[in-house]
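Chemist: Starting off with a structure, shown below.
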Amino acid sequence: EPEVTQTPSHQVTQMGQEVILRCVPISNHLYFYWYRQILGQKVEFLVSFYNNEISEKSEIFDDQFSVERPDGSNFTLKIRSTKLEDSAMYFCASSGSGSGETQYFGPGTRLLVL
Amino acid sequence: DQQVKQNSPSLSVQEGRISILNCDYTNSMFDYFLWYKKYPAEGPTFLISISSIKDKNEDGRFTVFLNKSAKHLSLHIVPSQPGDSAVYFCAASAGQWGNEKLTFGTGTRLTIIP
């Protein structure tokens, strides 16, 4: 069964460093998303991406964040200068086209900023 | 901003009995609802969804009920099995044409007692 994959599974970084989280969405999907979950809190939407551009972004997704689909399979989230409060589980999701399409999630990347 | 609420943080149910998980929402623009199951250190796994044009959707042991007038949905699991022990998230989106962000509830931890 097709699935969304994410790398790395864990990332530890120093405050102020740049991190890139990688995702391989399901191959025939057209919509891509990043969500995050801070420990003990709910899953929060960060950004959606379609047709090589951002469709929607949340207040969390400020200038320190960027997304890219560098090739036909990868979808990346970059945090330019990490802060302590960026520590969270980051989930990538993808969905197909058409109405009522379900978003399928990857296993997540646990980011710890020290 | 609690547009989707799951008021029970935890629920314990005897194996073989019915598990009922509840979810309330406040945004009347939501028209597509999903339930996800999540194990620790994994991504949310899609369980079942329902469109606002329906009031019930069934898939095996899982049934979701939607009461639009009360802005309430519930997930019924019958019979409950030990493998159902996980955190269950209710999620909602406004618009069924793809790429709409999901708004999640805070989750209910379900424990099935053997």
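The values are calculated or read from the model by the stated rules, or taken from the named source; none is laboratory data. Keep in mind the model is a prediction, meaning the values are calculated, not measured. As a convention, Cβ positions derive from the backbone with ideal geometry for all residues, glycine included, and neighbour counts pool all protein chains shown. In case anyone asks, the SASA skips ligands and DNA or RNA and just uses the protein heavy atoms, side chains included. Shrake-Rupley method; radii C 1.70, N 1.55, O 1.52, S 1.80 Å.
Chemist: Which value, in debye to the nearest 20, gives the size of the charge dipole of the protein assembly as shown about its Cα centre, when Lys and Arg are +1 and Asp and Glu are -1 at the Cβ?
Modeler: Approximately 480 debye in magnitude.
Chemist: Further question: Nearest 20 debye, what's the magnitude of the dipole of the stretch A:55-111 about its Cα centre given +1 on Lys and Arg Cβ and -1 on Asp and Glu Cβ?
Modeler: Roughly 200 debye for the stretch A:55-111.
Chemist: Looking at A:Phe61, A:Gln103, A:Thr82, which one has the Cα that reaches farthest to the positive end of the dipole of chain A (charges on Cβ: Lys, Arg +1; Asp, Glu -1)?
Modeler: Ranked along the dipole, the leading option is A:Thr82.
Chemist: Hey, can you find the accessible area per residue of chain B for me, probe 1.4 Å, expressed in square angstrom?
Modeler: 47
Chemist: Pop out the carbon and sulfur fraction of the accessible area of the stretch A:27-83 as a percent, whole number, probe 1.4 Å.
Modeler: 41
Chemist: Let me confirm the definition first: pairs of Lys residues in the protein assembly as shown, 8 or more apart or on different chains, C-alpha distance under 14 Å. How many are there?
Modeler: Taking the protein assembly as shown as the scope, the lysine pair count is 9.
Chemist: Now, a different point. Can you give me the % of accessible surface on chain B that is carbon or sulfur? Probe 1.4 Å, all protein chains present, nothing else counted.
Modeler: C and S atoms contribute 50 percent here.
Chemist: Next question, about the same structure. Suppose every Lys and Arg Cβ carries +1 and every Asp and Glu Cβ carries -1, with no other charges. What dipole size does the stretch B:1-80 come out with about its Cα centre, to the nearest 20 debye?
Modeler: Approximately 100 debye in magnitude.
Chemist: Now, a different point. Which residue, chosen from A:Ile38, A:Pro2, A:Met15, occupies the Cα position most advanced towards the positive end of the dipole of the stretch A:1-108, where the dipole is computed from +1 (Lys, Arg) and -1 (Asp, Glu) charges on Cβ about the Cα centre?
Modeler: Farthest towards the positive pole: A:Met15.
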